Amino acid sequence: MNDQVELPDGSNFFATLETELLKEQVAALFAAKGWRSRKCSWVDFEVRNDWAELVIDGTFPILLHGPVANIDQNAEFILQTLRDAGVRYKAESYGDDPAVILREFAWPHAS
């Protein structure tokens with residue numbers, strides 16, 4: 001039996017990270033939670049598990065993006081990893097229509 005979750009064809013999760021961490025250190029945050037991590041270019045990283053494939057690129061801010069299965073449920077697991085490390089972020093998730101934002105996230109929340 002194949003328990004592999006089918007990922008969306010395109011990216012449906014996008015985040016900007018405001019942090020002093022290097023991209024390699026951001027990847028290590030996810031690796032510490034069981035994600036597979038690898039360098040995917042000279043300067044960028046990819047983290048993946050059974051339900052997501054995220055690229056970590058850019059400088060300040062660092063960008064985190066890619067396809068995530070069951071985005072309504074799994075976006076929170078991604079964002080919890082960032083919050084646990086004190087990484088500030090703004091993020092968006094999309095459904096089947098890439099022109100329609102399903103949900104926007106920010107941490108810390110504006111007061």
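Just so it is clear, none of the values below were taken in a lab; they were calculated from the coordinates. Because the structure is predicted, anything quoted here is derived from the model rather than measured. We place every Cβ from the backbone using ideal geometry, glycine too, and count neighbours over all the protein chains shown.
Overview of values
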{"read-out": "Dipole axis of the chain (+1 Lys, Arg; -1 Asp, Glu on Cβ), positive-most option in Leu102, Ala31, Asn70", "value": "Ala31"}
{"read-out": "Efficiency of FRET from Cβ geometry, Ile101 and Glu6, R₀ 35 Å, rounded to 0.05", "value": "0.95"}
{"read-out": "Electrostatic dipole magnitude of region 1-46 [Cβ: Lys, Arg +1; Asp, Glu -1; Cα centre; debye, to 20]", "value": "200"}
{"read-out": "Extension gain, Arg83 back to Val43 (0.36 nm per residue minus Cα-Cα distance, nm)", "value": "12.0 nm"}
{"read-out": "Residue order, fewest to most surrounding Cβ atoms within 10 angstrom, among Leu22, Leu17", "value": "Leu22, Leu17"}
{"read-out": "Loop-located chymotrypsin sites (Phe, Trp or Tyr not before Pro) in region 17-61 whose Cβ has at most 10 other Cβ within 10 Å (DSSP)", "value": "Trp42"}
{"read-out": "Neighbour-limited loop hits for trypsin sites (Lys or Arg not before Pro), region 22-111 (at most 15 other Cβ within 10 Å; DSSP other than H, G, I, E, B)", "value": "Lys33"}
